[in-house]
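The values are calculated or read from the model by the stated rules, or taken from the named source; none is laboratory data. Fair warning: this is a prediction, and the values are worked out from it, not measured in the lab. Reconstructed Cβ throughout: ideal geometry from the backbone, glycine too, with neighbour counts over all protein chains shown.
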């Protein structure tokens, strides 16, 4: 497949680039920092641009790809830009006809305790420091709900994304946090990227909104 990755130098995007290249896909990596793009594997074609300023020119770069993967995450303090960035990606997807897989958030996933609460609504579940990005992810989800004309799939992470190389068996779910035998909801960036590529390679085998998490305890 020929895949273009938006936000390719971020925590998720970088792992997606690595995983896609390891599986033999052709990758175009898009990011705002020339120096960060230069640290990606040499097999990846790179495009340095700011999506907020280059919407129309990006459509030309996206055309001819088989899939868009959006791993965009705004900087701390600019969480509200997530909706704007996602809207730009959806517009490019619609204009080019290239389907998109969006990295979502866990905010609206239900807890696995049958309480009916979501990650965002459950009392004392979210630390105050991450509430802004969770609220932005909820708004991102509403945007996707109103974008039925776009061929999108949204992969939501579990409660915790771990910045390391560890791997364990993972499973997909829909509207509830995936947990392991110990009741923990987590996955490494490495395995989340692998799951993203699973979806890219078999997009029609999944619902539009899905989540993933380890089902074995963390190694």
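Data table
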read-out: Selection within region 199-212 - in contact with a helix residue (DSSP H, G or I) (Cβ under 9 Å, 6 or more places away or on another chain), under 20 Å from residue 177 (Cβ atoms) and not in a loop (DSSP other than H, G, I, E, B); value: 199, 209, 210, 212
read-out: Members of region 85-116 found to be in contact with a helix residue (DSSP H, G or I) (Cβ under 9 Å, 6 or more places away or on another chain) and part of a loop (DSSP other than H, G, I, E, B), listed by number; value: 98, 99, 104, 105, 106, 107, 108
read-out: Region 58-76, residues that are surrounded by 11 or more Cβ atoms within 10 Å (Cβ to Cβ) and without any contact (Cβ under 8 Å) to a residue 60 or more places away in the chain; value: 58, 59, 60, 61, 62, 63
read-out: Yes/no for residue 7 being touching a strand residue (DSSP E or B) at 6+ places or on another chain (Cβ under 9 Å) and closer than 18 Å to residue 156 by Cβ; value: yes
read-out: Residue under evaluation residue 82, criteria (1) under 30 Å from residue 180 (Cα atoms); (2) in a loop (DSSP other than H, G, I, E, B); (3) at pLDDT 95 or above, criterion not met; value: (2)
read-out: Qualifying positions in region 171-190 - outside any loop (DSSP other than H, G, I, E, B) and closer than 20 Å to residue 107 by Cα; value: 171, 172, 173, 176, 186, 187, 188, 189
read-out: Residue pairs meeting the criteria (Cβ under 7 Å; at least 6 apart or on separate chains; first without any contact (Cβ under 8 Å) to a residue 12 or more places away in the chain, in region 92-106; second in a helix (DSSP H, G or I) and surrounded by fewer than 19 Cβ atoms within 10 Å (Cβ to Cβ)); value: none
read-out: Options 214, 152: the member that is over 30 Å from residue 97 (Cβ atoms) and touching a residue at least 12 places away in the same chain (Cβ under 8 Å); value: 214
read-out: Among the candidates 7, 31, residue that is in contact (Cβ under 8 Å) with a residue 12 or more places away in the chain, surrounded by 14 or more Cβ atoms within 10 Å (Cβ to Cβ) and on the phi > 0 side of the Ramachandran plot; value: 7
read-out: Failed condition for residue 114, given (1) farther than 30 Å from residue 57 by Cα; (2) surrounded by fewer than 19 Cβ atoms within 10 Å (Cβ to Cβ); (3) touching a strand residue (DSSP E or B) at 6+ places or on another chain (Cβ under 8 Å); value: (3)
read-out: Top-ranked residue in region 34-48 [being surrounded by fewer than 15 Cβ atoms within 10 Å (Cβ to Cβ) and in contact (Cβ under 8 Å) with a residue 24 or more places away in the chain; ranked as farthest from residue 190 (Cα to Cα)]; value: 39
read-out: When residues of region 15-29 are limited to those that are in contact with a strand residue (DSSP E or B) (Cβ under 9 Å, 6 or more places away or on another chain) and part of a helix (DSSP H, G or I), the one farthest from residue 69 (Cα to Cα); value: 21
